[in-house]
Amino acid sequence: MRSLRVGAAQLGPIMRDTTRREVVDRLIVLMREANAEDCGLVVFPELALTTFFPRWYLDDDPQELDSYYETQMPGPETQRLFDEAKALGIGFYLGYAELTPEGERYNTSVLVDESGSLVGKYRKVHLPGHEEHEPERPFQHLERRYFKEGPDGFGVWEAFDGIIGMALCNDRRWPETYRVMALQNAEMILIGYNTPMHYAPDPSQNPLQSFHNQLVMQAGAYQNGTWVVGVAKGGIEEGVDSLAESVIIAPSGQIVAQATTTDDELVVADCDLDWCKHYKNTLFDFDRYRRPEMYELITRPKTDQ
Ligand code: CDT
């Protein structure tokens, strides 16, 4: 049995004036806790180093905007996290805002192995929200202004004795996210998220945030025979309430661990990566049962009526 003990390291709110040093201190506390529980991998949320800054229109203050991005990973403030991972012998997933030397801005995650080495980088594909300032909203969701869509798609990496994929927040609502990684045999998909409880374009969805969160990740796990680890930055951050409820989901679609607070909290599960085979070799044996040629029918005119 290939067993990977995983820690979902949920974060509570990070305020606008919270320093990187303070955040990295919190991440290290959670990493040490995960190590004390014998985890081989600890998963942090999306944009885990700062407040969720796309909630503000920041064009008038480019200096503040730039302050939320990392130009290096590891960089001066995050090197401590890599050093700690190496010293403890634990891997991690971390979401952050990336500013490249070419000036491109991405919503990014990295996977780092137990020796502190970078395994892979993922740049968010499905960017939600809006491009323009909409002052009538109680808060902005300007991911589409302050990030560029990730151009590289969904990859997987051989690490932790398994096949690991990465996604970020809104990606989890889209079936193709899981399917593209499952077609590359993903056995565990790591997803950090920041999900406001209030959805301005259609507030009737507000009371369904928790249901939809579980619905999409449980379906993604089951329909693709893969583990899914969903990790929130939750709680009331700068007046905006965000969903917590970080979860670890088995290839059966069952939740095996779930956070109970809206603050910094570690939840742990032993993940048997071989459990994926039950589903990948039976009901969801893609080579045997999928019929991709049928997916093209919607673009073809009907004949022989
Ligand atoms: N960060 C992120 O992707 N959040 C979105 C909010 C959608 S509403 C603009 C999510 O899917 O949870």
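Worth pointing out:
- You can think of it this way: the chain between Leu215 and Asp263 has 15.0 nm of extra reach, that is 0.36 nm per residue less the Cα-Cα gap.
- Prolate/oblate/rounded label for the range 190-252 (Cα gyration tensor, a/c 1.5): oblate
- Residue ranges 56-63, 45-52 sort as 45-52, 56-63 when ordered by packing (mean number of other C-beta atoms within 10 Å per residue, highest first).
- Sorted by Cβ density within 10 Å, fewest first, the residues Thr19, Thr108, Thr78: Thr19, Thr78, Thr108
- Two-site label geometry, Gln72 and Ala200: point separation in nm, points 7 Å out along Cα→Cβ: 3.7 nm
- Of the peptides 222-231, 140-149, 179-188, the ranking by mean beta-carbon count within 10 Å, highest at the top, reads 222-231, 179-188, 140-149.
- Cα-projected label distance for Leu297 with Ile236, points at 7 Å along beta-carbon direction, nm: 5.2 nm
- Counting 0.36 nm for each residue step from Met15 to Ser3 and taking away their Cα separation leaves a gain of 0.7 nm.
- Of the residues Thr78, Met181, Gln205, the one whose Cα sits farthest towards the positive end of the charge dipole of the chain is Met181 (charges of +1 on Lys and Arg Cβ, -1 on Asp and Glu Cβ, taken about the Cα centre).
- Dipole magnitude for the chain: computed about the Cα centre from +1 point charges on Lys and Arg Cβ and -1 point charges on Asp and Glu Cβ, it is near 920 debye.
- Residue of Gly75, Gly235, Gly103 that the Gaussian network model of the chain assigns the largest fluctuation, springs spanning Cα pairs under 10 Å: Gly103
- Between the listed residues Met217, Leu266, Thr100, the Cα displaced farthest toward the positive end of the dipole of the range 3-299, a dipole computed from Cβ unit charges relative to the Cα centre, is found at Met217.
- Net charge contributed by nearby residues that have their C-beta within less than 13 Å of Lys148 (K/R +1, D/E -1): -2
- Residues Ser117, Ser242, Ser204, sorted so that the one with the fewest Cβ neighbours within 10 Å comes first: Ser204, Ser117, Ser242
- Shape class for the range 107-176: prolate, because the ratio a/c of the largest to smallest gyration tensor axis (alpha-carbon atoms, square roots of eigenvalues) is 1.5 or more and a/b beats b/c.
- Cα gyration tensor, the chain - rounded (a/c under 1.5), prolate or oblate: oblate
- Distance between the 7 Å Cα→Cβ label points at Glu64 and Gln79: 3.0 nm.
- Protection proxy ranking of 120-131, 190-201, by the mean of other Cβ atoms within 10 Å over each peptide's residues and highest first, is 190-201, 120-131.
- Length gained on full extension, Arg179 to Glu134: 12.8 nm, using 0.36 nm per residue less the C-alpha separation.
Just so you know, all these numbers are worked out from the coordinates, no wet-lab data involved. The model shown is predicted, which means the values in this text are computed figures rather than measured ones. Using ideal geometry, Cβ is built from the backbone for each residue, glycine included, and neighbour counts are taken over all protein chains shown.
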